[in-house]
Amino acid sequence: MSTQHKFAGTGVAIITPFKRDLSIDLEGLEKQIEHLIANGINYLVVLGTTGESVTQTEPEKEELVKFIIEKANKRIPIVLGVGGNNTQALVNEIKKTDFSQIDAVLSVAPYYNKPTQEGLYQHFKAIAEACPVDIILYNVPGRTCSNINAETTVRLARDFNNIVAIKEASGNFSQVMNIINDKPKDFIVVSGDDAITLPLMSIGVSGVISVVANAFPKEFSDMVQLALNNKFNEAEEIHYKLLELINYLFVEGNPAGIKATLEILGIIENNLRLPLVPVSEQTYKKLDELIQKI
């Protein structure tokens with residue numbers, strides 16, 4: 001496990017705050033960026049699922065990325081979400097993108113069309129050959145219905161120097177262990193699931209791309225750093241302090257739970273774009289109770 005890797009530690013899949021009229025709330029976004037950086041997170045992931053990228057227009061995405069780059073001001077690395085299920089369209093998009101201030105891309109497995117393992121390999125091969133920056137694979141079969149298995153992950157890691165990590169959100173400990181056991185030395189695995197980040201780190205995972213760290217960046221990044229330093233007893237205290245809240249964040253979907261939490265903390269307004277809707281009053285009250293305990 002490399003604690004010096006650029007994408008070890010705590011990355012945050014940053015939310016996109018919206019105003020009541022559902023335009024992007026840049027003031028709230030700046031507040032969130034400062035909240036995260038001041039509290040020790042290691043890098044930002046922009047235009048991910050948590051950022052509601054699929055309901056944003058291309059001009060909005062461009063404005064959002066430019067704004068985040070400007071406000072982060074090179075204080076931490078920026079990872080850009082770049083994914084899709086049309087490989088050639090994705091390659092064309094990559095070729096047109098300005099990566100001069102982007103440190104890496106996070107690229108999700110193709111969804112809906114359910115490729116074979118060879119199809120997944122060829123998809124990411126095309127991306128690797130087109131992309132001028134590092135690539136973090138993103139395996140989240142619960143959303144894509146397409147699992148990148150350990151053999152395919154390791155094959156990609158060995159064949160392409162710019163494929164440097166995978167965000168593993170399969171929840172499959174056996175698969176994660178097989179990747180860690182067989183991967184090249186400089187390739188890392190990061191957790192895509194807040195609730196199991198600590199146990200995953202005990203078997204060699206190097207960090208997390210987190211949702212809960214939007215709200216509790218200091219606590220979660222402290223836990224991750226303790227685990228990286230093999231201080232698992234201390235990390236465990238934070239893990240169990242946050243665990244019930246983490247579980248409640250996802251009972252009505254992501255990012256509905258984290259946006260409600262951030263509103264309770266006074267950071268953003270609790271607005272989402274359809275088809276996503278805010279959490280129910282019952283879940284909101286429970287989140288409030290759990291936040292008061294923390």
Cα-only Rg/Rh for the stretch 87-185 with Kirkwood Rh rounds to 0.95
Here, trypsin sites (Lys or Arg not before Pro) of the stretch 49-80 satisfying both criteria (DSSP loop; at most 16 other Cβ within 10 Å) are K74, R75
Here the FRET efficiency for K66 versus K96, based on Cβ atoms and R0 = 22 Å and rounded to 0.05, is 0.90
Per the charge dipole of the stretch 173-294 (beta-carbon charges, Lys/Arg positive, Asp/Glu negative, Cα centre), the residue among S280, F216, V176 reaching farthest to the positive end is V176
By the Kirkwood definition, with r running over pairs of different Cα atoms, the chain has a hydrodynamic radius in Å of 19.1
The ratio Rg/Rh over the Cα atoms of the stretch 1-148, Rh being the Kirkwood inverse mean 1/r radius, stands at 0.96
Karplus ³J(HN,Hα) for the stretch 146-151 (6.51 cos²θ - 1.76 cosθ + 1.60, θ = phi - 60°; Hz, whole; x = Gly/Pro) runs 8, 9, 7, 6, 4, 4
Given backbone amide H placed at 1.01 Å from N, residues whose amide H is under 5 Å from that of D25, ignoring those fewer than 5 places away on the same chain, are F18, K19
When I127, I14 are arranged by how many other beta-carbons sit within 10 Å of their Cβ, fewest first, they go I127, I14
Zone reached by a paramagnetic label modelled 7 Å from T57 Cα along Cα→Cβ, restricted to the stretch 20-40 with backbone N below 12 Å, covers 23-24
For the stretch 207-290, listing trypsin sites (Lys or Arg not before Pro) in a DSSP loop whose Cβ sees at most 15 other Cβ atoms within 10 Å gives K231, R273
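Read the figures in this text as sums done on the coordinates, not as results from a lab. Just so we're clear, the structure is a prediction, and the values are computed from it rather than from any experiment. Backbone-built Cβ (ideal geometry, glycine too); neighbour counts: all protein chains shown.
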